[in-house]
1. What do you reckon, is Phe161 at pLDDT below 95 and under 21 Å from Asn18 (Cβ atoms)?
2. Of the residues that sit in segment 4-21 and are assigned to a loop (DSSP other than H, G, I, E, B) and in contact with a Gly (Cβ under 8 Å, 6 or more places away or on another chain), which one is surrounded by the most Cβ atoms within 10 Å (Cβ to Cβ)?
3. Can you pull out every residue in segment 37-72 that is surrounded by 17 or more Cβ atoms within 10 Å (Cβ to Cβ) and either in contact with a Cys (Cβ under 6 Å, 6 or more places away or on another chain) or aromatic (Phe, Trp, Tyr) (or both)?
4. Do we have Gly154 as part of a loop (DSSP other than H, G, I, E, B), more than 13 Å from Asp7 (Cβ to Cβ), at pLDDT 95 or above and small (Gly, Ala, Ser) here?
5. Tell me, please, whether a residue that is touching a residue at least 24 places away in the same chain (Cβ under 8 Å), in contact with an Asp or Glu (Cβ under 7 Å, 6 or more places away or on another chain) and not aromatic (Phe, Trp, Tyr) can be found in segment 140-157.
6. Consider Gly95 carefully, then state whether it is at pLDDT below 95 and within 13 Å of the chain's Cα centre (by Cα).
7. Output the qualifying pairs, or none if there are none: Cβ atoms under 7 angstrom, residues six or more apart or on different chains, first residue in segment 97-108 and farther than 24 Å from Val87 by Cβ, second residue modelled with pLDDT of 95 or more and part of a helix (DSSP H, G or I).
8. Take the residues of segment 115-163 that are among the β-branched types (Val, Ile, Thr) and touching a helix residue (DSSP H, G or I) at 6+ places or on another chain (Cβ under 8 Å): which is surrounded by the fewest Cβ atoms within 10 Å (Cβ to Cβ)?
Amino acid sequence: MPEVIIDTNVAVIANRQNSNVITSCVDACVVFLAAARNNHVILIDAGDEIRAEYAGALKMRRPYELGAQFLIYVLQQQHNPDRVKRVQLDKTAGGAFSDFPTAVELATFDQSDRKFAALSAKTKVAVTNATDSDWSDHAAALGANGIVVDFLCGCDKTKWFTA
């Protein structure tokens, strides 16, 4: 099965936690997460930083929305490498991800997204993003450093939200 890296914002939007996101974007996130669970191997880091970010960001109230169901799935399958693959991400002595590019153009890239970018750099798997503008703002620099980003809601951040 193909592998995917999913930024937390995709699950948050599928969980319907941001009422300002346009309907077509919410729908794209819902469809993508359902497909990811059924047809892909989800990549996370072996140090559990991605899983912890998912858990901290997703509201777990019943009835569970798809984002919460996604987190439950990751928790249940995290030791089944046919469904969720845990990848070791090494860190420097200063705590930075060794696989995150050192390009000056990425110096302002969001610290909390670097784990996803490092995972992508190490595995050559694209990061799936919905509405995190840091990915679109740095798309060219990320691409120049071998990190591909799939934009579920398009690259134009002015069209992600309702007025």
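The values are calculated or read from the model by the stated rules, or taken from the named source; none is laboratory data. It should be emphasised that the depicted structure is a prediction, and the values quoted were computed from it without experimental measurement. Neighbour counts are summed over all protein chains in view; Cβ atoms, including those assigned to glycine, are modelled from backbone coordinates with ideal geometry.
1. Yes: the conditions hold for Phe161.
2. That would be Asn15.
3. Residues of segment 37-72 surrounded by 17 or more Cβ atoms within 10 Å (Cβ to Cβ): 37, 40-45, 49-51, 53-54, 58, 65-71.
Answer for segment 37-72, where residues must be surrounded by 17 or more Cβ atoms within 10 Å (Cβ to Cβ) and either in contact with a Cys (Cβ under 6 Å, 6 or more places away or on another chain) or aromatic (Phe, Trp, Tyr) (or both): Tyr54, Phe70.
4. Values: part of a loop (DSSP other than H, G, I, E, B): yes; more than 13 Å from Asp7 (Cβ to Cβ): yes; at pLDDT 95 or above: no; small (Gly, Ala, Ser): yes.
The answer is no for Gly154.
5. Within segment 140-157, one or more residues are touching a residue at least 24 places away in the same chain (Cβ under 8 Å), in contact with an Asp or Glu (Cβ under 7 Å, 6 or more places away or on another chain) and not aromatic (Phe, Trp, Tyr).
6. no
7. Close Cβ pairs satisfying both conditions: Glu105/Ala141.
8. Ranking the qualifying residues of segment 115-163, first place goes to Val148.
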